[in-house]
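The structure under discussion appears below in the form of structure tokens.
The values are calculated or read from the model by the stated rules, or taken from the named source; none is laboratory data. Please read these numbers as outputs of a predicted model, since none were measured by experiment. Glycine gets a Cβ as well: all are built from the backbone with ideal geometry, and neighbour counts include every protein chain shown.
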Amino acid sequence: MNAGNALNALIATLEQLDELLPSDKASWDSDVVIRLAVERLWISAGNLAEAYRIEQDLPTGIEPWSELAGYRHLLAHALPGDLSPDRVYSDTTADLDRILNDLRGRRQQ
């Protein structure tokens, strides 16, 4: 996958996550399938971010690539009960718009 394709796929994945995320915490709490889907999309986003970083030959530790890869690692390797659904909801609502805006700006450069 080339860098342009990885960046476009990453943005599309995060946009899908944004569409899927419930607008209120009560809906999030009541739907385990949505919670699992959101976690899976974050994992895919981390994989795509790492693919982009490697393709662009960027060093590790560069944001937002390292942030996305780190969150992917956290979600992919957590055992049941290690990570609260409240944290995933909070992280998603706090960070998703910022990351998407950053990536959309990079795509237009």
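Data overview
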read-out	value
Neighbours by Cβ (under 9 Å, 6+ apart or cross-chain): first from segment 63-85, under 13 Å from ASN47 (Cβ atoms) and free of Cβ contacts under 8 Å to residues at least 40 places away in the same chain; second of a type outside the set (Gly, Ala, Ser) and not in a helix (DSSP H, G or I)	TRP65/GLN56; TRP65/LEU58; ALA69/THR60; LEU75/LEU83
Any hit, segment 50-69, residues being touching a Gly at 6+ places or on another chain (Cβ under 6 Å) and part of a helix (DSSP H, G or I)	yes
Single unsatisfied condition, LEU79 versus (1) of a type outside the set (Val, Ile, Thr); (2) at pLDDT below 95; (3) more than 16 Å from the chain's Cα centre (by Cα); (4) surrounded by 13 or more Cβ atoms within 10 Å (Cβ to Cβ)	(4)
Out of ARG72, ARG98, sole residue that is in a helix (DSSP H, G or I), of a type in the set (D, E, K, R) and in contact with a Ser or Thr (Cβ under 9 Å, 6 or more places away or on another chain)	ARG72
Residues within segment 21-49 that are surrounded by 13 or more Cβ atoms within 10 Å (Cβ to Cβ) and part of a helix (DSSP H, G or I), tallied	18
Tabulated pairs, segment 9-20, first in contact (Cβ under 8 Å) with a residue 12 or more places away in the chain, second loosely packed, with under 14 Cβ neighbours inside 10 Å and of a type in the set (D, E, K, R), C-beta under 8 angstrom, 6+ apart or interchain	ILE11/ARG104; ILE11/ARG107; ASP18/ASP97
ALA49 being over 19 Å from LEU20 (Cα atoms), touching a Leu at 6+ places or on another chain (Cβ under 8 Å) and small (Gly, Ala, Ser)	yes
